[in-house]
Amino acid sequence: MSLRPYRDIARRRSRQIRVGPVAVGGDAPISVQTMTNTPTSDSAATLRQIEACAEAGADIVRVSCPDQDSTRALREIVAGSPVPIVADIHFHYRRAIEAAEAGVACLRINPGNIGKPEREREVVRAALDHGCSIRIGVNAGSLERPLLEKYGEPCPAAMVESALGHIRILEDNDFFEFKISVKASDVFLAVAAYRELATVTDYPLHLGITEAGGLRAGTVKSSIGLGVLLWEGIGDTLRVSLSSDPVDEVKVGYELLKSLGLRHRGVTVISCPSCARQQFDVIETVRELEDRLSHVTTPMTVSVIGCVVNGPGEARLTDIGLTGGGRGTHQVYLAGVPNHRLRDRSVVDHLVELVEHKALEIEAARETADAAV
């Protein structure tokens, strides 16, 4: 029995599909996706961006395919990518067929603009022939005209009806390797649509608040919408859509999952906002610390607290802790226990050394355990 039942999140039961080697749905970890913003036809630039995103932790990367030059570049991109590639298709169903032939792991199609059902069936045949999955990407901003005429405006019922209609097309063609999204830029609309869809199908759901905005506003907006859904157990894979570097989308996605205990990767820094009691520059210390620890992928918690009001308490709950003390002498905690004092040394340098050493210990213990199995 959990000692902290208020932390338990019961994930919605969904069937599992695969996007290349990445499992999505079922008991698989919630995967983090992003999308490149380079011209896909520039395969070298696109691969550089994909590699940066993969290094930040992206499990899956989507690329837009607006023209034949883009789909021609896909073979090189797929061959050189360290993660599965999703081809983003709008308007031109032939681009989807070309992308499947190029070896992408998944096709993202928008029911509102892919064309007639027979065109969607051709896309399904291409996916079957080349072993790629599909994402049905319903978007409030591009719903089918008949649904807009029926409902008068984008609404949860219209978005779910769109999704269910295209689910039937895939199922009628004996295709079941797909996930679904019902995105909107309006948080309330998106959350309501996902909630409703989650009750009427067991296919995996791709979460996103589309066109969320810039780094700060988009992070807040996405955290509200995606956070609510994830807390309710809804969602199998996600993208945080930001008008920013795609690497930022990956980082924010992980922070969301880490905050809810749904995914653990890298160092989580717990720090105070600082005040007149601080015994060192907390804000600058944390900024520099997060930057210098970005390469560490081993899950770990580090508390950086400027004074003794909350410092000892936070340190008891983290792997490594630092509490500011008087006269430039600070207390360092390891595994929640006071270990030594720090004086006349860079706080950041010392914490980086401790974290890197701890990461090596954890990885060595993991390798030993794996070898013993």
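Figures for the structure shown
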| read-out | value |
| --- | --- |
| Flag if R316 is at pLDDT below 95, among the basic types (K, R) and touching a Pro at 6+ places or on another chain (Cβ under 9 Å) | no |
| Among the residues listed as V267, V332, the single one being out of contact with any Lys or Arg (no Cβ under 9 Å at 6 or more places or on another chain) and buried (at least 18 other Cβ atoms within 10 Å of the Cβ) | V267 |
| Check on P117, more than 25 Å from the chain's Cα centre (by Cα) and not aliphatic (A, V, I, L, M) | yes |
| Options D319, D291, D349; residue that is open to solvent by less than 90 Å² (accessible area, probe 1.4 Å) and closer than 17 Å to I270 by Cα | D319 |
| Given (1) surrounded by 11 or more Cβ atoms within 10 Å (Cβ to Cβ); (2) in contact with a Gly (Cβ under 7 Å, 6 or more places away or on another chain), number of the condition E356 does not satisfy | (2) |
| The lone exception for I283 - which of (1) hydrophobic (A, V, I, L, M, F, W, C); (2) open to solvent by 70 Å² or more (accessible area, probe 1.4 Å); (3) touching a helix residue (DSSP H, G or I) at 6+ places or on another chain (Cβ under 9 Å) it fails | (3) |
| Residues satisfying the stated conditions in region 66-84, i.e. buried (at least 21 other Cβ atoms within 10 Å of the Cβ) and either more than 29 Å from L230 (Cβ to Cβ) or among the acidic types (D, E) (or both) | S70, T71, A73, L74, I77 |
| Matching residues in region 168-182 - criterion: being of a type outside the set (G, A, S), closer than 15 Å to V200 by Cα and under 24 Å from the mean Cα position of the chain (by Cα) | K179, I180, V182 |
| Looking only at region 177-200, and only at residues there that are in contact (Cβ under 8 Å) with a residue 60 or more places away in the chain and not in a strand (DSSP E or B), the one that is nearest to A163 (Cα to Cα) | A198 |
| Residue list for region 85-102, restricted to those being acidic (D, E) and open to solvent by 20 Å² or more (accessible area, probe 1.4 Å) | E98, E101 |
| Some residue of region 146-159 being under 26 Å from the mean Cα position of the chain (by Cα), buried (at least 23 other Cβ atoms within 10 Å of the Cβ) and closer than 30 Å to P21 by Cβ | no |
| Hits in region 235-252 (condition: farther than 22 Å from E196 by Cβ, of a type in the set (D, E, K, R) and within 11 Å of the chain's Cα centre (by Cα)) | D248, E249, K251 |
| Pairs, first more than 16 Å from R168 (Cβ to Cβ) in region 110-139, second of a type outside the set (A, V, I, L, M, F, W, C) and open to solvent by 70 Å² or more (accessible area, probe 1.4 Å), C-beta under 6 Å, six or more apart | S133/E177 |
| Count of region 239-250 residues which are open to solvent by less than 10 Å² (accessible area, probe 1.4 Å) and in contact with a helix residue (DSSP H, G or I) (Cβ under 6 Å, 6 or more places away or on another chain) | 3 |
| Filtered residue count, region 202-229, keeping only those that are open to solvent by less than 20 Å² (accessible area, probe 1.4 Å) and under 21 Å from C106 (Cα atoms) | 8 |
| Qualifying residue in region 41-51 (condition: closer than 22 Å to E255 by Cβ, under 20 Å from the mean Cα position of the chain (by Cα) and crowded, with 19+ Cβ neighbours inside 10 Å) | yes |
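The values are calculated or read from the model by the stated rules, or taken from the named source; none is laboratory data. Worth saying up front: this structure is predicted, and the values here are computed from it rather than measured. Neighbour counts are summed over all protein chains in view; Cβ atoms, including those assigned to glycine, are modelled from backbone coordinates with ideal geometry. The protein model used for the area step is the full one, side chains on, heavy atoms only, and it has no ligands, DNA or RNA in it. Shrake-Rupley method; radii C 1.70, N 1.55, O 1.52, S 1.80 Å.
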